[in-house]
Amino acid sequence: MFKYPVTKISRFNIMHKNCSCCELTYAVEPGFFIGAMYISYAAAVFQIFVIGFTLYIFFEDAGLWVYGLSVGFTTLIFSPVIFRFSRVLYLFWFGGIKYDPSIKLKNC
């Protein structure tokens, strides 16, 4: 689905136009993946709450700077993963794609 690995930071967001196996067009319509921002936002907020709650439980006397650095660092590190995760989920949930096992895939 994506051309480059998630570790290639400068190009982690570049997608193929079509699937190499079934010729499925990923962008159902122009601007389709704009809705994936909502999923990305929800995942980032969930991540921030988990990191904050974990710090609160294990380090009760942590200063505000510890929370800021921890949340900022993990959000920065995991943003490419969250970006891809949200696009895949949005395509799965709202793309109208159904699995058909009777279709013979080429060169997969």
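Tilt of helix 64-94 relative to the longest C-alpha principal axis of the chain, in degrees (0 to 90, nearest 10)?
20
With axes computed from alpha carbons, what is the tilt in degrees of helix 36-58 against the longest principal axis of the chain, rounded to the nearest 10 within 0 to 90?
That helix lies at roughly 30 degrees to the long axis.
To make sure I understand, if each residue's beta carbon is the centre and we count other beta carbons within 10 Å, what order do TYR67, TYR4, TYR99 fall in, fewest to most?
Working: TYR67 16, TYR4 13, TYR99 5.
Ascending Cβ contact count within 10 Å gives the list TYR99, TYR4, TYR67.
Quick check on the exposure proxy: order LEU91, LEU64, LEU55, LEU69 from fewest to most C-beta atoms within 10 angstrom.
Details: LEU91 20, LEU64 7, LEU55 15, LEU69 11.
The most exposed by this proxy come first: LEU64, LEU69, LEU55, LEU91.
Just so you know, all these numbers are worked out from the coordinates, no wet-lab data involved. Please read all numbers here as calculations on a predicted model, not as lab measurements. In this analysis, Cβ positions are derived from the backbone assuming ideal geometry, glycine residues included, and neighbour counts consider all displayed protein chains.
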